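Read the structure below first, then the notes.
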Amino acid sequence: MKLRLLTHAERDLRGSISDLWPEFMQHDQVVSAFWPRLYEVYPDFQLWLLDGKTTVGYACSLPVRWDGVPEPRGLDWAMSNGAAGDPTTLCAVVIALQPSHRGRGLSEVILRRMAGIGAAHGLDCLIAPVRPTWKERYPLTPIERYLAWRREDGLLYDPWLRTHEKLGAELLEPALRSMTITGMRAEWEEWTGLQFPEDGEYVVPGALEPVRFSGGLGTYVEPNVWMKHSLD
């Protein structure tokens with residue numbers, strides 16, 4: 001395994017890795033509209049992970065103007081209001097790895113590289129609206145209760161939150177409306193391969209909360225968790 005981390009400024013590898021997220025996650029209007037700007041405007045902040053010549057992961061971050069108050073809109077905030085004005089802080093957007101390369105400590109390596117990029121650009125800290133890996137197993141449990149779960153060793157139950165915690169991150173509070181995805185019944189059925197015969201709440205694979213249908217319109221509001229890393 002010969003691993004390398006390259007910035008997008010060094011090499012454009014878009015299209016070299018298959019999509020690693022559920023289809024419905026591609027339909028947040030704010031994120032979808034802003035996403036191309038990550039590569040066009042902030043190429044130094046986007047990372048590609050290569051194993052030899054094969055792209056096996058990627059990571060995205062964004063310099064934002066942050067006043068120290070965790071924003072309930074999380075990712076949507078970072079890609080709208082947060083991107084306005086002179087940046088003060090680096091916001092991690094996503095780290096994604098092929099299943100074959102998970103569980104090897106690579107996320108920690110990428111987080112450290114992100115922090116180094118933030119420090120090199122004179123930003124004050126690294127914040128992240130973290131998507132808890134195992135929350136999809138408990139979609140009916142409120143995020144506030146989920147965050148209270150800890151293992152016998154005292155560390156956070158969720159493995160992705162725990163990774164941040166082990167690297168010294170401070171857990172701030174939930175971003176209760178980090179992403180909002182809406183679509184008509186037919187769209188949700190296309191995205192998920194499921195049927196939604198009537199209005200109500202449905203558990204959808206990959207979703208952290210139920211999808212709620214009313215009048216044939218399905219709405220998914222995803223909670224994330226704000227974590228803060230020092231760049232000292």
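Just so you know, all these numbers are worked out from the coordinates, no wet-lab data involved. Source: prediction; values computed, not measured. A quick note on method: Cβ atoms are made from the backbone with ideal geometry, for glycine too, and the neighbour counts reach across all protein chains shown.
So the values come out like this:
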read-out: Full-extension gain in nm, VAL203 to TYR157, via 0.36 nm per residue minus C-alpha separation; value: 14.4 nm
read-out: Label point distance in nm, LEU167-ALA148, each placed 7 Å from Cα along Cα→Cβ; value: 2.8
read-out: All-pairs Cα distance distribution in the stretch 99-221, expressed in whole percent, bin size 10 Å; value: 11, 33, 30, 20, 6, 0
read-out: Size descriptor, Kirkwood hydrodynamic radius, that averages inverse alpha-carbon separations across the stretch 28-114, Å; value: 14.0
read-out: Gap separating the Cα centres of the stretch 1-58 and the stretch 64-107, nearest whole Å; value: 14
read-out: Burial ordering of MET79, MET25, fewest other beta-carbon atoms within 10 Å first; value: MET25, MET79
read-out: Whole-Hz couplings from phi, Karplus 6.51/-1.76/1.60, listed for the stretch 205-211; x for Gly and Pro; value: x, x, 8, 8, 9, x, 8
read-out: GNM flexibility winner over the chain from ARG102, ARG112, ARG212 (Cα, springs under 10 Å); value: ARG102
read-out: Total formal charge among the other residues, if their Cβ is under 11 angstrom from that of PHE34, Lys/Arg +1 and Asp/Glu -1; value: -2
read-out: Neighbourhood charge, 15 Å Cβ-Cβ cut-off, centred on ASP44 and excluding it, Lys, Arg +1 and Asp, Glu -1; value: 0
read-out: Sites GLU136 and GLU189, calculated FRET efficiency, Cβ-Cβ separation with R0 22 Å, nearest 0.05; value: 0.70
read-out: Cα pair distances exceeding 22 angstrom across the stretch 36-168, given as percent; value: 42
read-out: DSSP H segments from the chain that extend 20 Å or more along their own axis, Cα-based, with Kyte-Doolittle mean of -0.5 or above; value: 106-120
read-out: Only Lys, Arg (+1) and Asp, Glu (-1) charged, at Cβ; the chain dipole about Cα centre in debye; value: 800
read-out: Sparse-neighbour loop sites [GluC sites (Glu not before Pro); the stretch 80-167; at most 16 other C-beta within 10 Å; DSSP]; value: GLU152
read-out: Sites matching GluC sites (Glu not before Pro) across the stretch 1-102 that sit in DSSP coil, with at most 16 neighbouring C-beta atoms within 10 Å; value: GLU10
